[in-house]
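The values are calculated or read from the model by the stated rules, or taken from the named source; none is laboratory data. Model, not experiment: these values are computed from the prediction. Virtual Cβ from ideal backbone geometry, glycine too; neighbours counted across all protein chains shown. Just so you know, the surface numbers come from the protein's heavy atoms only, side chains and all, with ligands and any DNA or RNA stripped out. Shrake-Rupley method; radii C 1.70, N 1.55, O 1.52, S 1.80 Å.
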Amino acid sequence: MMRLLRATTAVVISYDVTPAFFWSATGAIYLDPVYLWQTPQERDTLLDAPDYRAAFGDALQFDMYTTYTQNDEFFFKGYSASQRQSRPFEEMAKDISRLLFHELAHANDYISPARWASLSTTSDPFSASRSNRINQTLESSYPLTSVEMQALADVRFGTGAGQTPNYSATQLSYTAADIGGFFAPDSGVDFYNYSAIAEDLAMYFQHMLMVKTFGVDTVTVIWDQDTNITGWAEKNRIGKDALQGKAAFILESIIPELDGSATVAAFSDNQAIAAGEDYLCTFAPADPRCTASGKTTQPWLPQEFTQRLQAHGTAKLPLQ
């Protein structure tokens, strides 16, 4: 983690930062403190306002998310605000790690390790980050190709605060199975990859570092919003053979000390997951709330899903 911080000028933590982001004008990462609380009293100080993008997918027939599991159970635990629950340091550390991996990927993308030796102490972050970004090579060498996914992400994640997403009739007609058909043959590992080329890089890096650091599995599920039934799912997409070249390039570009190819080759094998089950039990079939048939025994929604967009920070460019 300390090596990754070399690409930043500061770490800013403030109650009104949501979602988190990296800003090339300052070279700093700005973190949402929702990831840092341990006691109910600390949680009370957080800004109780949802990410403005949280409802932007409500009009679509599908929803899509990638999360982390261990032994087929959710890696992140939910803690009730109403019950005034505390959470251990270890749980907080897991939560903030995924955010730091994401934001520090942006910082090292815009001011990469390969360029540090050539920078002077008088260089300003914005000038230093205007060219030779890792994501520029990524886009030319390992581009995303699904025009449908990119168009959906433009609306889903690109609509501004206070605006209403303007989906086309075709996009509103897409089913979970349709989205799986667009996503599966492409090189994205998360819906958010398609929001910007910088996010393609950051989502790869976040998932790889979570797998390497904590030994988790990644699980991607696309489900029907009306029925909560899975239309497409995949486990450990980050370890898919066809994506290993892209993954290794990103890893070695940000952490040159690592052998990217060997690291990625050691990830767990990619596995398809059958459609047709409740989406939460597709994610975590060993969770106690799932029955043997793969259905939830009662309605529930982990904290992670209520805050799903807060897992994704952004690379923010200053107005030009």
Q) Which one is modelled with the lowest pLDDT, of the residues in the stretch 109-136 that are of a type in the set (A, V, I, L, M) and open to solvent by 70 Å² or more (accessible area, probe 1.4 Å)? A) Ala117
Q) Pairs under 7 Å by beta carbon, first residue open to solvent by 90 Å² or more (accessible area, probe 1.4 Å) in the stretch 145-166, partner in a loop (DSSP other than H, G, I, E, B), six or more apart or different chains? A) Thr145/Asp186
Q. Can you name the residue in the stretch 95-128 that is part of a helix (DSSP H, G or I) and among the charged types (D, E, K, R) and is also nearest to Gln206 (Cα to Cα) among such residues?
A. Arg98
Q: Report yes if Ala161 is closer than 28 Å to Leu251 by Cβ and either in contact with a strand residue (DSSP E or B) (Cβ under 6 Å, 6 or more places away or on another chain) or outside any helix (DSSP H, G or I) (or both), otherwise no.
A: no
**Q.** Of residues in the stretch 29-84 being without any contact (Cβ under 8 Å) to a residue 60 or more places away in the chain and hydrophobic (A, V, I, L, M, F, W, C), the one most open to solvent (accessible area, probe 1.4 Å)
**A.** Leu47
Q: Answer with yes or no whether Val12 is under 21 Å from the mean Cα position of the chain (by Cα) and open to solvent by less than 30 Å² (accessible area, probe 1.4 Å).
A: no
(Q) Among (1) at pLDDT 95 or above; (2) surrounded by fewer than 19 Cβ atoms within 10 Å (Cβ to Cβ); (3) out of contact with any helix residue (DSSP H, G or I) (no Cβ under 7 Å at 6 or more places or on another chain), there is one condition Glu139 misses while meeting the rest; what is its number? (A) (3)
Q. Can you name the residue in the stretch 167-182 that is of a type in the set (Val, Ile, Thr) and closer than 18 Å to Trp232 by Cβ and, of all such residues, is most open to solvent (accessible area, probe 1.4 Å)?
A. Thr175
